[in-house]
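To start, the structure itself, in structure tokens.
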Amino acid sequence: MPIITTAAITILLKSLAQKGIEKIVETGAENISSDAYSWLKNLFYKENEPKKILKDLCNNPEDTELLGNATAIVKNSLEDNPLFEKYLEEIIKKAGVEKKSISNSKNVVTGNVSTGGGHFVNGDNNNIT
């Protein structure tokens, strides 16, 4: 089983705050199981309304303290029942949260860049004077 990182949980929480749970679980051909959906919904919703932590995140999805508190809610739930880790893994995998990549761009550097003290230009503007 892959390790679920705090970064993946944070991305999921930001998506949840920005899009809402219905958009998160809309994955086309790959539907998230009802158990996984129910687990996530129970963490952040009460009577079909977002709980305070999610409302606050909706207003400020970049707030690191709020993200930390929401991440703690998820992690505490995982500690309570190891089965929930499978639900989280499913949600992250099927909702496409874990894959954030850049493709078809010539301005992407992967790996280390060692110029040996010289200039380095990434992109089209290579007319250094």
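Data for the structure
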{"quantity": "Estimated distance in nm for a label pair at TYR45 and GLU65, the labels positioned 7 Å out from Cα along Cα-to-Cβ", "calculated": "2.8 nm"}
{"quantity": "Point-charge dipole on Cβ atoms (K/R +1, D/E -1) for segment 6-94, about Cα centre, debye to 20", "calculated": "140 debye"}
{"quantity": "Residue among SER38, ALA7, PRO61 farthest towards the positive dipole end of segment 6-94, charges placed on Cβ", "calculated": "PRO61"}
{"quantity": "Distance between modelled label sites at LYS86 and LYS14, nm, 7 Å Cα→Cβ extension", "calculated": "3.0 nm"}
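We did not get these values from a lab; they are worked out from the coordinates using the rules stated. Everything numeric in this text was worked out from a predicted model, so none of it was measured. Neighbour counts are summed over all protein chains in view; Cβ atoms, including those assigned to glycine, are modelled from backbone coordinates with ideal geometry.
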